[in-house]
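Take a look at the structure below.
The values are calculated or read from the model by the stated rules, or taken from the named source; none is laboratory data. Owing to the predicted nature of the structure, the values given are computational and were not obtained by experimental measurement. Note that each Cβ is placed from the backbone with ideal geometry, even for glycine, and that neighbours are counted across all protein chains shown. Areas reflect the complete protein model, heavy atoms only, side chains present, ligands, DNA and RNA absent. Shrake-Rupley method; radii C 1.70, N 1.55, O 1.52, S 1.80 Å.
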Amino acid sequence: MNNQFGISMDYAIALKSLRASDPILGQVIDQIGCCTLDQTQHPGDLLYSLSRSIIYQQLSTASATAIYQRFTQLYAGQAFTSDAILSTPDETLRGVGLSRQKIAYLKDLAQKISDGLPAIADLELLDDETIIQTLTQVKGIGRWTVHMLLIFRLHRWDVLPVDDLGIRAGIRRVYQLAELPNKKTVEAIAQPWRPYRTIASWYLWRAQDNL
């Protein structure tokens with residue numbers, strides 16, 4: 001299967017392994033059907049990806065989308081670069097709906113990119129944990145945000161976003177737990193999913209909507 005970014009995604013081996021290693025998850029896979037993770041992969045460079053993530057933090061999708069559209073419109077007709085963000089007055093950024101905290105985060109991101117933060121092509125050569133340690137040096141970028149980048153931009157297949165509420169809620173529902181699992185419990189349940197924890201996570205997200 002080829003998606004719009006030219007990446008071949010054949011999940012057959014991953015699904016066979018997940019069914020064999022975890023029959024409970026296997027039932028979820030059978031109920032939901034084909035994995036379409038490749039259809040939700042994100043384009044764009046590191047500045048585009050992380051600035052979007054910062055803006056969307058702790059906001060409803062509708063509010064974040066409106067602010068993000070106004071933010072990118074500031075740079076219509078010019079290159080969307082770190083220098084462009086750094087040269088934008090804070091008052092202008094406030095005018096599109098950004099909080100002072102998020103303005104500080106965006107400018108720290110822009111400054112670190114100007115100072116030589118690795119580009120997407122360079123990150124692709126690094127292991128997951130090194131990428132996490134590299135990018136969480138940016139203010140406002142935590143492990144969850146980098147996990148989303150690893151899954152939806154860098155196409156890594158063995159990422160487990162342990163801090164994601166949807167994953168925790170999915171595990172609680174699928175495995176019939178009395179309460180939301182903590183990080184240790186999530187990691188223990190997910191151990192048999194290696195090296196396809198990304199694919200398993202996608203099914204847990206879908207389980208919230210379909211089961």
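If the only charges are +1 at each Lys and Arg Cβ and -1 at each Asp and Glu Cβ, what is the size of the charge dipole of the chain around the Cα centre, to the nearest 20 debye?
About 560 debye.
From the backbone phi of region 17-33, what are the Karplus-calculated ³J(HN,Hα) couplings (6.51 cos²θ - 1.76 cosθ + 1.60, θ = phi - 60°) in whole Hz, Gly and Pro given as x?
Each residue of region 17-33 in turn: 5, 5, 4, 6, 7, 8, x, 5, 5, x, 5, 5, 4, 5, 6, 7, x Hz.
In nm, what is the difference between 0.36 nm times the number of residues separating ALA169 and ALA84 and their Cα-Cα distance?
Numbers: separation 85, 0.36 × 85 = 30.60 nm, distance 3.98 nm.
Extra length from ALA169 to ALA84 when fully extended: 26.6 nm.
Within region 18-70, what whole-number % of the accessible surface is contributed by carbon and sulfur, with the 1.4 Å probe and all protein chains included in the calculation?
Details: 1420 of 2670 Å².
Percent of accessible area from carbon and sulfur atoms in region 18-70: 53.
Apply the Karplus parameterisation 6.51 cos²θ - 1.76 cosθ + 1.60, with θ equal to phi minus 60°, to every residue of region 82-95 and state each ³J(HN,Hα) to the nearest whole Hz, in sequence, with x for glycine and proline.
5, 5, 5, 5, 4, 8, 7, x, 4, 4, 5, 5, 5, x
Indicate the gyration tensor shape class of region 1-101 (rounded, prolate or oblate), computed on the Cα atoms with a ≥ b ≥ c the square roots of the eigenvalues: a/c under 1.5 is rounded; otherwise a/b larger than b/c is prolate and the rest oblate.
Prolate is the answer for region 1-101, as a/c is 1.5 or above and a/b outweighs b/c.
Tell me, what HN-Hα J-couplings in whole Hz come from the Karplus equation 6.51 cos²θ - 1.76 cosθ + 1.60 at θ = phi - 60° for each residue of region 107-114, using x for Gly and Pro?
Coupling constants for region 107-114: 6, 5, 4, 4, 5, 5, 5, 4 Hz.
Which residue, ALA178, GLN111, ILE141, has the largest displacement toward the positive end of the dipole of the chain when charges sit on each Cβ (Lys, Arg +1; Asp, Glu -1)?
Checked the options; the winner is ALA178.
With only alpha-carbon atoms in the gyration tensor, what are the semi-axes of the equivalent ellipsoid for region 104-154, in Å, largest first? Don't skip to the end; give the middle numbers.
Working: eigenvalues 59, 33, 16 Å².
Calculated on Cα positions only, the semi-axes equal 17, 13, 9 Å.
Calculate the length of the line joining the C-alpha centroid of region 15-73 to that of region 162-211, in whole Å.
Region 15-73 and region 162-211 have Cα centres separated by 15 Å.
Only Cα pairs under 8 Å and at least 6 apart count here; give the relative contact order of the chain as a rounded whole percent.
24 percent
With charges only on Cβ, +1 for K and R and -1 for D and E, what is the dipole size of region 45-157 about its Cα centre, in debye, rounded to 20?
The dipole of region 45-157 has a size of about 480 debye.
Mind checking the per residue accessible area of region 110-211 for me, 1.4 Å probe, whole number of Å²?
Details: 4900 Å² over 102 residues.
Counting only protein heavy atoms, the per-residue value for region 110-211 is 48 Å².
With the dipole of the chain worked out from charges on the C-beta (+1 for Lys and Arg, -1 for Asp and Glu) around the Cα centre, which of ILE85, LEU50, ALA190 lies farthest toward the positive end?
Of the candidates, ALA190 comes out farthest on the positive side.
Can you send over the carbon and sulfur percentage of the accessible area for region 77-211, probe radius 1.4 Å, protein chains only?
Of all accessible area on region 77-211, carbon and sulfur atoms account for 48 percent.
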